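Step one of this worksheet: look at the structure below.
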Amino acid sequence: MTTVTIERQGSACVLTLNRPQALNALTSEMLREMLAAIEALESQAQVRALVIAGAGEKAFCAGIDLKQRSALSALEKMAQSRMVLRLNQALWNCPKPVIAAIGGWCMGAGFELALHCDLRIAADDARFA
């Protein structure tokens, strides 16, 4: 299963975190995929906005995948943290408006992700931590 999906909807591009069974918790692979997608979309003139959403109904993003993180070495943990920072900087500096479509849980690094978007739209069931 692809952990990050990208779908064009008119002039917007929807980037969906696609691990609903793990509350869309971020793995190192997902961080790389998201960063690559944002960098690629920046140069596409026909894309005028980016929407970030979470698959499923329970969570936008539950933060970093702690199961994966517990198996990483100290250097790998540091690299993963730097990748989170790079992703947040890419969102912050993106020349196109970035919208977080938040439903369910939005926690930890997922909350950071939402905060670095230009606009956050929260469903009635959104919970932040």
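The values are calculated or read from the model by the stated rules, or taken from the named source; none is laboratory data. Note that the structure is a prediction, hence the values are computed from the model and not measured. Here the Cβ positions follow ideal geometry from the backbone for every residue, glycine too, while neighbour counts run over all protein chains shown. When the accessible area is computed, the model is the full protein with side chains, heavy atoms only, and any ligands, DNA or RNA have been set aside. Shrake-Rupley method; radii C 1.70, N 1.55, O 1.52, S 1.80 Å.
When Glu57 is tested against (1) out of contact with any Gly (no Cβ under 9 Å at 6 or more places or on another chain); (2) exposed (fewer than 12 other Cβ atoms within 10 Å of the Cβ); (3) part of a loop (DSSP other than H, G, I, E, B), just one condition goes unmet, and that condition is (1).
Residue-by-condition table, conditions (1) within 14 Å of the chain's Cα centre (by Cα); (2) without any contact (Cβ under 8 Å) to a residue 60 or more places away in the chain; (3) farther than 30 Å from Met78 by Cβ:
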{"residue": "Thr5", "(1), (2), (3)": "yes, yes, no"}
{"residue": "Glu33", "(1), (2), (3)": "yes, yes, no"}
{"residue": "Gln44", "(1), (2), (3)": "no, yes, yes"}
{"residue": "Val51", "(1), (2), (3)": "yes, yes, yes"}
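For region 45-54, the set of residues classified as part of a loop (DSSP other than H, G, I, E, B) and either among the aromatic types (Phe, Trp, Tyr) or touching a strand residue (DSSP E or B) at 6+ places or on another chain (Cβ under 8 Å) (or both) consists of Val47, Arg48, listed by residue number.
Of the residues making up region 27-44, one or more are open to solvent by 20 Å² or more (accessible area, probe 1.4 Å) and part of a loop (DSSP other than H, G, I, E, B). Using the structure shown, decide if Asp118 is crowded, with 16+ Cβ neighbours inside 10 Å, among the acidic types (Asp, Glu) and in contact with a strand residue (DSSP E or B) (Cβ under 8 Å, 6 or more places away or on another chain). Considered against the rule, which asks whether it is crowded, with 16+ Cβ neighbours inside 10 Å, among the acidic types (Asp, Glu) and in contact with a strand residue (DSSP E or B) (Cβ under 8 Å, 6 or more places away or on another chain), Asp118 comes out as no. Among what's in region 60-93 and is assigned to a loop (DSSP other than H, G, I, E, B) and not polar (S, T, N, Q), pick the residue that is least open to solvent (accessible area, probe 1.4 Å). Across region 60-93, the extreme among qualifying residues is Gly63. Condition test on Met107, is it at pLDDT 95 or above and either touching a Gly at 6+ places or on another chain (Cβ under 7 Å) or open to solvent by less than 80 Å² (accessible area, probe 1.4 Å) (or both)? Spelling it out, Met107 is indeed at pLDDT 95 or above and either touching a Gly at 6+ places or on another chain (Cβ under 7 Å) or open to solvent by less than 80 Å² (accessible area, probe 1.4 Å) (or both).
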